[in-house]
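What follows is a single structure, written as structure tokens, with notes after it.
No value in this document is a laboratory result; all are computed from the given coordinates. Everything numeric in this text was worked out from a predicted model, so none of it was measured. Every residue, glycine among them, receives a Cβ derived from its backbone with ideal geometry; neighbour counts consider all protein chains shown.
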Amino acid sequence: MIPLSHTLILGAVLFCIGVLGVFIRRNAIVIFMCIELMLNAVNLTFIAISRSLNSLDGQVIVFFVMTVAAAEAAIGLAIILALFRNRETVNVDEVNLMRW
Amino acid sequence: MEQLLFYLFALGAVISGVLVILKKNPVINALFLIVVMLCLAGIYLLLGAQFMAAIQLIVYAGAIMVLFLFVIMLLNLDQEISGIVKGGPQKLIGIILAALLLAILLSVVGINQLPGKGAHPIDELANTESLARVLFTHFLLPFEITSVILLIAIIGAIVLGKKKL
């Protein structure tokens, strides 16, 4: 039996690795991949707690999170493609038209 | 044996996660993210969520990450522009903030037994069958709404991908 705290620690570490990736990477696609990493860490936390509470709620929530992540990935990548078509770059530092 | 497998998968997930944010080539980042998802699917199997492990492999690693790889190869990016940020304080502030978040999260994960119990207990049926029993009765409305979400995503992706909007 895997102790709950170990799984929660793994989820927290993966989430913070994703947060660090969003802060320090400049490629829009890699930032998006770090957001997916954060979503995966949250899924792990839900399933671990669902196992600990002996309840199916966590797994149903993970089902819906995966569906929404798929929809978000499709639209987010379409936005990045449209951005690349207009600006010839996916570096988020160069998309600064609305900055003061 | 279970604990050994869990630590193996956890180590693989953390190392691959760190390599996702450190490598320069976006294709390598996507492949390491797939490795993270494979390790997480293994951990879901160890935690008794077999259906979720299969769905993670099919949907996440098999569809979403393939979509990512399509887009990366479609854009055909140059490798130097996709590195870590070169600015002065930005990297340091990012590392400090992420470490702070990790400290905050680690201060509450020392729990081994959560109080209370969930609403739908896991019975002795197979994981897929018991999930289906809950999903199609109690969670029917969110299930139908996710179908609408997927329809909106399809329409949105097609509209955003047109040459002239």
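Quick look at the values:
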item	result
Members of region A:2-51 found to be under 21 Å from B:Ala54 (Cα atoms), within 7 Å of another protein chain (Cβ to nearest Cβ) and of a type in the set (A, V, I, L, M), listed by number	A:Ile2, A:Leu10, A:Leu14, A:Met33, A:Leu37, A:Leu44, A:Ile47, A:Ala48, A:Ile49
Filter result for the condition that a residue is surrounded by fewer than 21 Cβ atoms within 10 Å (Cβ to Cβ), more than 15 Å from the chain's Cα centre (by Cα), more than 10 Å from every other protein chain (Cβ to nearest Cβ) and not charged (D, E, K, R), over B:Leu106, B:Leu102, B:Leu4, B:Leu97	B:Leu4
Residue within region A:62-83 that is more than 7 Å from chain B (Cβ to nearest Cβ), over 27 Å from B:Ile145 (Cβ atoms) and free of Cβ contacts under 8 Å to residues at least 24 places away in the same chain present	no
Those residues of region A:1-18 which are buried (at least 23 other Cβ atoms within 10 Å of the Cβ), hydrophobic (A, V, I, L, M, F, W, C) and closer than 29 Å to A:Ile80 by Cβ, in sequence order	A:Leu14, A:Phe15, A:Cys16, A:Ile17
